[in-house]
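The values are calculated or read from the model by the stated rules, or taken from the named source; none is laboratory data. None of these values were measured; they are calculated from a predicted model. With ideal geometry, Cβ positions are generated from the backbone for all residues, glycine too; neighbour counts draw on all protein chains shown.
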Amino acid sequence: MTIDEFRAAVESAAADGPGLKLLACLAVDPEWFAAIAREVQDLVVRRAPSDVTDRSHPTYWTMPYGQATQHSLFNASGATSDTSVDHNHQVGSKSFNAPECPALHRFVRCFESRLLNFRVNGIQPASGLSPHQEFVVHGDRLRLRFHLPIAATEQAPLFLGEEKHYVRPGVVYYFNNGCVHGATNSGGDVRYHLVFDLFLDEWIWDQVLDPDSPRTPDPGLRKLTVAERAGALRVEPHPIDEYVIGTQSGVVLRATRQRNAGAPDTWVRTPIVR
């Protein structure tokens, strides 16, 4: 696969066609990952998060339920509860705001010159984000999202399209948030993922996405083998009948499946009045 083929596969899936939804990319050195996990568990106790279920939160439109939190670790203010610049697509005006976490800072430095945001997303038991779809094509730029699961179990899968995906802690995944997607936690422990966005470029393709390139942003990161990539992904069908769509105009739509006897299902989209 080339970078152009990758982009085409991402855009196809984001347009509800066949394509790329999830890709296991990098393994984090076990000792380094253990240090990152300890720092994250300590940070979420000491530092204030934002509340995703608050109506003023930029993620509230995704219809979260239960309890979900976000610690924004890459911004201009230094406050982990500050979400104001997480989605402004600016690079260079933000910095890592948890210097007491050296292992985490080392990971951030791998991507720092390209980062749009960097967050710890927490989902409490009996909580989640409802199915929703974002736009990822911004003119000639393609926005990419990556997940590094920190504390994740079989009871806390990700949803992409009409599939349920199980992911492993310690593996960096490309996550196509242009697809209909969501998350849930039916277990007894909080689910934490590191989540960050950046725009596709040749460096990201070479260092993170291209399995045929041996190069990575840090010696503590390595490309997965073919067998490891397959082993880091487990998928089950997960039909959905409704989801919300975020648009570039700011209008949020509700998409509802309409079942047609003897004909393919169709989706009816209507604006949500808030």
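Determine if the range 211-233 includes at least one residue that is of a type outside the set (S, T, N, Q), over 21 Å from Pro30 (Cβ atoms) and in contact (Cβ under 8 Å) with a residue 40 or more places away in the chain.
Looking through the range 211-233, none of the residues is of a type outside the set (S, T, N, Q), over 21 Å from Pro30 (Cβ atoms) and in contact (Cβ under 8 Å) with a residue 40 or more places away in the chain.
Out of curiosity, is His132 in contact with a helix residue (DSSP H, G or I) (Cβ under 6 Å, 6 or more places away or on another chain) and either closer than 29 Å to Gly17 by Cβ or of a type outside the set (A, V, I, L, M, F, W, C) (or both)?
Numbers: in contact with a helix residue (DSSP H, G or I) (Cβ under 6 Å, 6 or more places away or on another chain): yes; either closer than 29 Å to Gly17 by Cβ or of a type outside the set (A, V, I, L, M, F, W, C) (or both): yes.
So His132 fits the description; yes.
Can you tell me which residue among Ala35, Ala48, Ala103 is over 18 Å from the mean Cα position of the chain (by Cα) and part of a loop (DSSP other than H, G, I, E, B)?
Going through Ala35, Ala48, Ala103 in turn, the sole match is Ala48.
I want to confirm something. Restricting to the range 218-239 and keeping residues that are of a type in the set (D, E, K, R) and not in a loop (DSSP other than H, G, I, E, B), which single residue is surrounded by the most Cβ atoms within 10 Å (Cβ to Cβ)?
In this case the residue turns out to be Lys223.
Among (1) surrounded by fewer than 21 Cβ atoms within 10 Å (Cβ to Cβ); (2) under 17 Å from the mean Cα position of the chain (by Cα); (3) under 28 Å from Val273 (Cα atoms), where does Gln70 come up short?
Looking at each condition in turn, Gln70 falls short on (1).
Go through the range 12-33 and report how many residues are loosely packed, with under 14 Cβ neighbours inside 10 Å and at pLDDT 95 or above.
Count: 2.
Out of Ala68, Ala79, Ala103, Ala126, report the one residue that is in the same structural domain as Val44 (by TED's automatic domain parsing), in contact with a Leu (Cβ under 9 Å, 6 or more places away or on another chain) and at pLDDT 95 or above. Break it down into steps so the answer makes sense when it comes.
On the way: Ala79 fails: in contact with a Leu (Cβ under 9 Å, 6 or more places away or on another chain); Ala103 fails: in contact with a Leu (Cβ under 9 Å, 6 or more places away or on another chain); Ala126 fails: in contact with a Leu (Cβ under 9 Å, 6 or more places away or on another chain).
Result: Ala68 is the single residue among Ala68, Ala79, Ala103, Ala126 that is in the same structural domain as Val44 (by TED's automatic domain parsing), in contact with a Leu (Cβ under 9 Å, 6 or more places away or on another chain) and at pLDDT 95 or above.
Give the residue that is nearest to Glu236 (Cα to Cα), with candidates limited to residues of the range 134-146 that are within 14 Å of the chain's Cα centre (by Cα) and not in a strand (DSSP E or B).
Across the range 134-146, the extreme among qualifying residues is Glu134.
Among the candidates Ala9, Ala98, which residue alone is surrounded by 14 or more Cβ atoms within 10 Å (Cβ to Cβ), part of a helix (DSSP H, G or I) and at pLDDT 95 or above?
Criteria check complete, one pass: Ala9.
Identify all residues within the range 147-185 that are at pLDDT 95 or above, outside any strand (DSSP E or B) and either among the hydrophobic types (A, V, I, L, M, F, W, C) or not assigned by TED's automatic domain parsing to the domain that holds Phe118 (or both); write none if there are none.
Listed by number, the residues that qualify are Ala156, Val167, Cys179, Val180.
Looking at Arg259, Arg215, Arg274, which one is in a loop (DSSP other than H, G, I, E, B), modelled with pLDDT under 95, of a type in the set (D, E, K, R) and surrounded by fewer than 12 Cβ atoms within 10 Å (Cβ to Cβ)?
Result: Arg274 is the single residue among Arg259, Arg215, Arg274 that is in a loop (DSSP other than H, G, I, E, B), modelled with pLDDT under 95, of a type in the set (D, E, K, R) and surrounded by fewer than 12 Cβ atoms within 10 Å (Cβ to Cβ).
Report, by residue number, each residue of the range 240-256 that is assigned to a loop (DSSP other than H, G, I, E, B) and either under 26 Å from Phe111 (Cβ atoms) or touching an Asp or Glu at 6+ places or on another chain (Cβ under 7 Å) (or both).
Ile240, Gln248 - these are the residues of the range 240-256 that are assigned to a loop (DSSP other than H, G, I, E, B) and either under 26 Å from Phe111 (Cβ atoms) or touching an Asp or Glu at 6+ places or on another chain (Cβ under 7 Å) (or both).
I'd like to know if the range 85-99 contains one or more residues that are under 30 Å from Pro239 (Cβ atoms), assigned by TED's automatic domain parsing to the domain that holds His138 and of a type in the set (Ser, Thr, Tyr).
No, the range 85-99 contains no residue that is under 30 Å from Pro239 (Cβ atoms), assigned by TED's automatic domain parsing to the domain that holds His138 and of a type in the set (Ser, Thr, Tyr).
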